[in-house]
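The next block holds one structure in the form of structure tokens; read it before the comments.
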Amino acid sequence: MADLPSLSIMGILNATPDSFSDGGTVPEGAFAARVAEMIAEGADILDIGGESTRPGAETVPADEEWDRIAPAIAAAVAAGANVSVDTRKAVVARRALESGARMFNDVSALTYDADSMAVARDYAAAGGTICLMHALGDPKTMQHNPHYDDVVRELRDYLAARVTACEEAGIAKSALVVDPGIGFGKTLDHNLTLLRNLAAFRDIGCRVLLGASRKGFIGTLSGERDAARRAPGSIAVALHGAAQGVDILRVHDVRETVQALAVDTALRSV
């Protein structure tokens, strides 16, 4: 990928009818306009997904997933954006790579599809990036009573093991990003514990991505049932993540997050 700032903003562009917050909000013919808008707002990376991984979501066939995201990827590549594909499927990730994507963002940390490690190796060879996220089980069942004895230690050990597996497959550590997977098989207490201990994931030796935008725990804490109205809570979490040293913030509300970070940075400057 092109050189990125030390704290990068990853804007979420979903080409899904059923994502928990913004499903179906961007018609196929409007992708170019939305891409241009997100770049103008300050997105360093555009993360494009065609299969919802919200709690309870059903699996989407690979061809259908690709048909959803192909126009968005084409628009983003044409605009010169750094493009990430949010998928668990190797064939979708490979098509995205061939179409110009340079980041493979896999919520299963390359465990869902046996061919994903080989595709990830090709991303790295092309100068790209692979994001390894922790999720407890499948989206359809992941929120069914998740349990950990020590959520921070267990997730850090899991992600460290996935990093090692990638290195053993020939992928340089510098090409890897880790994500604790806020909301993916975690209770409110698990999410809060992870957020308070984000700095622990830097011990793995990779860049850290935080994706908490508009998620259910923000609604629980604030009482806001409408996910699209959770920007204030999402920005609070983003500022907390930045203070903890995360490298990439995955957000729906790009302009608002960039503005908040600019003010926060000025206030902290000496």
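The values are calculated or read from the model by the stated rules, or taken from the named source; none is laboratory data. Computed from a prediction, not measured in an experiment: that's the story for all the values here. Every residue, glycine as well, gets a Cβ built from its backbone with ideal geometry; the counts of neighbours run over all protein chains shown.
Points to keep in mind about this one:
- Boolean, GLY241 is modelled with pLDDT of 95 or more, outside any helix (DSSP H, G or I), of a type in the set (Gly, Ala, Ser) and in contact with a strand residue (DSSP E or B) (Cβ under 9 Å, 6 or more places away or on another chain): no
- When LEU110 is tested against (1) part of a loop (DSSP other than H, G, I, E, B); (2) closer than 27 Å to ALA227 by Cβ, just one condition goes unmet, and that condition is (2).
- The residue pairs whose first member lies in the stretch 65-90 and is within 26 Å of ASP138 (Cα to Cα), whose second member is part of a loop (DSSP other than H, G, I, E, B) and of a type in the set (Lys, Arg), and whose beta carbons are closer than 7 Å, counting only pairs six or more residues apart or on different chains, are GLU65/LYS89; VAL83/ARG102.
- Hits in the stretch 16-60 (condition: assigned to a loop (DSSP other than H, G, I, E, B), out of contact with any Leu (no Cβ under 6 Å at 6 or more places or on another chain) and at pLDDT 85 or above): GLY42, ALA43, GLY50, GLU51, THR59, VAL60
- Among all positions in the stretch 129-139, there is no residue which is polar (S, T, N, Q) and in a loop (DSSP other than H, G, I, E, B).
- Scope the stretch 143-159; condition assigned to a helix (DSSP H, G or I) and among the hydroxyl-bearing types (Ser, Thr, Tyr); matching residues: TYR158
- Residue count for the stretch 184-205, restricted to those that are in a loop (DSSP other than H, G, I, E, B) and either buried (at least 24 other Cβ atoms within 10 Å of the Cβ) or free of Cβ contacts under 8 Å to residues at least 12 places away in the same chain (or both): 2.
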